[in-house]
Amino acid sequence: MFTTTVCAALSAAGLAIAFLSAYRRKFRRATKIAALSLVPIGLAMAGLAELGREVGEATGDWATDLAFDPTVWGGFGVLAVAVVLWVIQRLVGERSKRKAGGGAAAAPAAAPAASRPALGGRADGAAGSAPAAGGRKQKSGSGDEDFSDIEAILKKHGI
C-alpha cells in the first residue's frame with residue numbers, strides 16, 4: 001500500500017512538472033517528463049512495484065491478477081502510453097535535428113578567414129598586406145575621408 005502511494009505521488013509530481021514545461025512551450029521536454037512520470041504509477045498498477053517482496057506468493061497472485069484484474073491491465077496500458085510518448089519525443093527530436101542540420105550541406109566549422117592571424121601577418125608567418133586587426137579594410141587615401149560625414153553633422157548643429 002505504501003509503495004502505491006509513493007508511486008502515485010511521484011507520478012503526480014512528474015505530471016505537474018510536465019504541465020509546467022508545456023505551459024512554457026517546451027513541448028518535447030514536457031513529453032519526455034510525462035512519459036517518465038507515468039512509469040511509477042504504471043508499475044504500481046500492474047503490480048510490478050511490489051513483486052520483489054515475497055517472490056513465491058507475489059508471483060502466483062500477480063499471475064492470477066494479470067488475467068482477471070482490470071487494474072493490472074490498466075497498469076500495462078499506462079506503461080504502453082509511457083513508451084509511446086517516449087518514442088514520439090525521440091522521433092520528433094531526431095526529425096527536428098535533421099531539419100535544422102540541413103542534411104549534408106552543413107556550415108563549415110570555421111570561417112575561411114579565421115585561420116589568418118589577427119595582427120596583419122600572413123598565415124605562413126611572413127608579414128604582408130593582409131587586412132588590419134579584426135578583418136577591416138583600410139581605405140586608400142587620406143584618413144580625412146572617413147570623418148567628412150561626422151564633420152558635416154557637427155557643422156550642421158553648430159559645434
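When Ile17, Ile159, Ile41 are compared by accessible area of protein heavy atoms, the largest-first order is Ile159, Ile17, Ile41, using a 1.4 Å probe. Only protein heavy atoms count here; on that basis, with a 1.4 Å probe, Met45 has an accessible area of about 60 Å². In this structure Leu85 has an accessible area near 50 Å², from a 1.4 Å probe over the protein heavy atoms.
Residue separation of Arg98 and Trp73 scaled by 0.36 nm, minus their Cα-Cα distance, works out to 5.2 nm of gained length. Subtracting the Cα-Cα distance of Val83 and Thr3 from their residue separation scaled by 0.36 nm leaves 26.6 nm.
Solvent-accessible area of Val6, all protein chains in place: 60 Å² (probe radius 1.4 Å, heavy atoms, ligands and nucleic acids excluded).
The values are calculated or read from the model by the stated rules, or taken from the named source; none is laboratory data. Being a predicted model, the structure only gives us computed values, none of them experimental. When the accessible area is computed, the model is the full protein with side chains, heavy atoms only, and any ligands, DNA or RNA have been set aside. Shrake-Rupley method; radii C 1.70, N 1.55, O 1.52, S 1.80 Å.
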